[in-house]
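Here is the structure we will look at, set down as structure tokens.
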Amino acid sequence: MTSPLPPLVTSLDVKRLSSLLLTRVGVAYLAEARRLREELYRATVIASDAAPPDLVTMNSTIVYEEEGEPPKEITVVYPWRSRERGVVSVLSALGTALLGRRVGAETPLGDAWNRRVRVLSLRYQPEAAGHWHL
């Protein structure tokens, strides 16, 4: 299940993620890649330098909550960093659900339990910090 509102994704993130989906990763994680591809297709694409400071982009560190759970802090990353502590791969249901959401947004995880997550705050966003190389 996808959120009723399309995600807002930067052109640089779309370019990098589209390239990622064409690699072996996109084949190895077929269902996850399909979910991300569908969200990118639905996305409203904006210029990277026009990203609002409250938007979850790749490599953003956010505080979020699932219904009935205490808030958690994570960084949305590319799959090759997914084994690091405190991160979540953009290919995971959570990573895909959070990418392109703004602070205050609530979105379904798209899992069998119909869980929802809400973005509470952004601790770091590369675009707001001028870090274009991440």
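Sorted by packing (mean other beta-carbon atoms within 10 Å per residue), highest first, where do 15-22, 76-83 land?
Numbers: 15-22: 14.8, 76-83: 16.6.
Highest-to-lowest ranking by the protection proxy: 76-83, 15-22.
Can you give me the relative contact order of the range 34-134 as a percent, contacts being Cα pairs under 8 Å and 6 or more apart? Kindly include the intermediate steps, with their values, before the conclusion.
Values: 181 pairs, mean separation 32.6, N = 101.
Relative contact order for the range 34-134 comes out at 32 percent.
Could you do me a favour and compute the accessible area per residue for the chain, 1.4 Å probe, result in Å²?
55
Quick query: amide H of LEU109 versus all other amide H atoms, modeled in the peptide plane; which residues come in under 5 Å with a sequence gap of 5 or more or a different chain?
Result for LEU109 returns ARG115, ARG116, VAL117.
Quick one: putting +1 on the C-beta of Lys and Arg, -1 on the C-beta of Asp and Glu, what dipole do you get for the range 1-91 around its Cα centre, in Debye to the nearest 20? Mind dumping the intermediate values first?
Details: 11 positive and 12 negative charges, 120 e Å.
I would put it at about 580 debye.
For the chain, how big is the tail of P(r) above 23 Å, as a whole percent of Cα pairs? Could you put the intermediate results ahead of the total?
On the way: 2167 of 8911 pairs.
Here the long-distance tail beyond 23 Å is 24 percent of all Cα pairs in the chain.
Taking 0.36 nm per residue of sequence separation and subtracting the Cα-Cα distance, how much length would be gained by fully extending the chain between ARG85 and GLU38, in nm to one decimal? Don't skip to the answer; put the middle values down first.
Working: separation 47, 0.36 × 47 = 16.92 nm, distance 2.75 nm.
So the chain would gain 14.2 nm between ARG85 and GLU38.
Please list 3J(HN,Hα) in residue order for the range 84-97, calculated via the Karplus relation 6.51 cos²θ - 1.76 cosθ + 1.60 where θ = phi - 60°; whole Hz, with x for glycine and proline.
6, 6, x, 10, 9, 5, 5, 7, 6, 4, 5, x, 5, 5
Placing +1 on the Cβ of each Lys and Arg and -1 on the Cβ of each Asp and Glu in the chain, which of PRO108, TYR124, GLY95 has its Cα farthest towards the positive end of the resulting dipole?
Going by the Cα projections, it comes out as GLY95.
Show me 90-97, 115-122 ranked by packing, highest mean number of other Cβ atoms within 10 Å first.
On the way: 90-97: 23.5, 115-122: 17.4.
Put in order of decreasing packing, that is 90-97, 115-122.
Using the Kirkwood formula over every pair of different C-alpha atoms, what hydrodynamic radius in Å results for the range 26-83? Don't skip to the end; give the middle numbers.
On the way: mean 1/r = 0.0726 Å⁻¹.
For the range 26-83, inverting the mean 1/r across all distinct Cα pairs yields 13.8 Å.
The values are calculated or read from the model by the stated rules, or taken from the named source; none is laboratory data. Note that the structure is predicted; figures quoted are calculated from it, not measured. Because the Cβ atoms are built from the backbone with ideal geometry, glycine has one as well, and the counts that use them run over all protein chains shown. SASA here: full protein model, heavy atoms, side chains in, ligands and nucleic acids out. Shrake-Rupley method; radii C 1.70, N 1.55, O 1.52, S 1.80 Å.
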